[in-house]
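Q: Let me begin by handing over the structure; questions about it come next.
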Amino acid sequence: MFWIYLIGVMLMPIVALKLFMKYFSGTFLSLIMKLMHSNIETVKTKLFDEAISKIKSNKKNERLEILELGIGTGENFRHFPKGSNVTILDKTDLFLPYLNESIKKNNRNDLNVSKLVVSKAEEMVGIESDSMDLVVHTFILCSVDDYTKVMNQVYRVLKPGGVCIFMEHSIDNENKKRKILQKFIEPLMGDCKFLDMKKVLNSGPYDHLELKKYTVNRSLITFINPVVYGYGSKS
C-alpha cells in the first residue's frame, strides 16, 4: 500500500500539468511564446533585415509572397516588409484568435493575409511549388513529426532566389546541467522536443546556409538555450 501511495503522490504533479495543458494550453503557450520572442527581438530584427536583403526572387516594387509556418501569437508580423502577401500554415487553428490582435498591435494593416491553411508542415497542402519569396518558421521544428520533410517542403515552395528565415531552440550539448533539465521536462511539453538544431538545419536542402547561436539571459526561459537562428536560400 505504501508503494502505491508513493507512486500516486509522484504522478499527481504530472497528471495535473497534463490536465492544465489540455484545457489551458492556448493561453499558456501564447504567454510563453510572447516571453520568448520579447527576449530575442533585437537579434530577430537584425536577422530579418539581413535575410530579406538576400532575397533575389522578387522584382523591385512587387509584393513579397511570404509563408509563415506556425502563426503562434503573430510576433513576426512586425518584421515583414510593407505590403507583403502573407500565407499562414498551422497544424491547428488554436492561435488564430491572436492573428487580428497582432496585426492591430503592430499597425500592420498593410499586410495582405491572403490564405490561412490548416495543415501539417510536412504536407503544405494547397501551396504551390516555387511560389514563395520568403518562408519563416520560429520555434516549430521541435514539434513536427518529421523535420526533414518540413525542410524539403520549404525548399519546394520557395522560388529560386527565395530565402527561409528560422529561429529554433536546441538541446544544449555544452551545458550538462541544462541538458539534464531539458531531458527532464521534455515529457511534460507535449509535442515539443529538444533536438540538436544545428545538426538538424545543416541536414536541410538549402543551397546556402547561414547559422548562428544566441543565448537568452531571462532566467525563466534559459532552458530553451541555445537558440539556433539564421537563414537558408534556394538557388
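This table checks each residue for (1) in contact with a strand residue (DSSP E or B) (Cβ under 8 Å, 6 or more places away or on another chain); (2) not acidic (Asp, Glu).
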| residue | (1), (2) |
| --- | --- |
| Leu134 | yes, yes |
| Phe139 | yes, yes |
| Thr148 | no, yes |
| Leu158 | yes, yes |
| Glu168 | yes, no |
| Asn175 | no, yes |
| Arg178 | no, yes |
| Val200 | yes, yes |
| Val216 | yes, yes |
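Q: Which of (1) closer than 26 Å to Glu62 by Cβ; (2) out of contact with any Ser or Thr (no Cβ under 8 Å at 6 or more places or on another chain); (3) free of Cβ contacts under 8 Å to residues at least 24 places away in the same chain does Gly126 not meet, given it meets every other one?
A: Here Gly126 clears every test but (2).
Q: Ok, one more. State the number of residues belonging to the stretch 89-123 that are in contact with a Ser or Thr (Cβ under 6 Å, 6 or more places away or on another chain) and more than 20 Å from Ser57 (Cβ to Cβ).
A: Of the residues in that region, 1 qualify.
Q: Taking the stretch 45-71 as the region of interest, how many residues are part of a loop (DSSP other than H, G, I, E, B), touching a strand residue (DSSP E or B) at 6+ places or on another chain (Cβ under 7 Å) and of a type outside the set (Val, Ile, Thr)?
A: So the answer is 7.
Q: If I ask for residues that are farther than 15 Å from Phe139 by Cβ, free of Cβ contacts under 8 Å to residues at least 40 places away in the same chain, assigned to a loop (DSSP other than H, G, I, E, B) and not polar (S, T, N, Q), which ones from the stretch 181-235 would you list?
A: Within the stretch 181-235, Asp196, Asp207 qualify.
Q: Which one is farthest from Gly74 (Cα to Cα) among residues in the stretch 118-132 that are among the aliphatic types (A, V, I, L, M) and surrounded by fewer than 15 Cβ atoms within 10 Å (Cβ to Cβ)?
A: Per the stated criteria, the residue is Val125.
Q: Now for a separate question. Out of all the residues in the stretch 56-79, which are of a type outside the set (Val, Ile, Thr) and open to solvent by less than 30 Å² (accessible area, probe 1.4 Å)?
A: Ser57, Leu64, Leu67, Glu68, Leu69, Gly70, Gly72, Gly74, Glu75, Asn76, Phe77, His79
Q: Output the residues belonging to the stretch 154-178 that are open to solvent by less than 30 Å² (accessible area, probe 1.4 Å), closer than 19 Å to Asn58 by Cβ and outside any strand (DSSP E or B).
A: The answer is Val154, Val157.
Q: Still on this structure, please answer the following. Taking the criterion of being at pLDDT below 95 and under 25 Å from Lys54 (Cα atoms), would at least one residue in the stretch 206-214 satisfy it?
A: For the stretch 206-214, residues at pLDDT below 95 and under 25 Å from Lys54 (Cα atoms): present.
Q: Same structure, new question: Of all the residues that make up the stretch 83-112, how many are aromatic (Phe, Trp, Tyr) and touching a Leu at 6+ places or on another chain (Cβ under 9 Å)?
A: 1
Q: Conditions: (1) more than 17 Å from Lys46 (Cβ to Cβ); (2) open to solvent by 50 Å² or more (accessible area, probe 1.4 Å); (3) touching a helix residue (DSSP H, G or I) at 6+ places or on another chain (Cβ under 8 Å); (4) at pLDDT below 95. Phe223 meets all but one. Number of the miss?
A: Every condition holds for Phe223 apart from (2).
Q: I'd like to check something: does the stretch 133-153 contain any residue that is farther than 28 Å from Leu195 by Cα, in contact (Cβ under 8 Å) with a residue 40 or more places away in the chain and either open to solvent by 30 Å² or more (accessible area, probe 1.4 Å) or in a loop (DSSP other than H, G, I, E, B) (or both)?
A: no
The values are calculated or read from the model by the stated rules, or taken from the named source; none is laboratory data. Just so you know, these numbers come straight off a predicted model, no measurement behind them. Please note: Cβ atoms are built from the backbone with ideal geometry, for glycine as well, and neighbour counts cover all protein chains shown. Accessible surface is based on the protein model in full, side chains and every heavy atom, while ligands, DNA and RNA are left aside. Shrake-Rupley method; radii C 1.70, N 1.55, O 1.52, S 1.80 Å.
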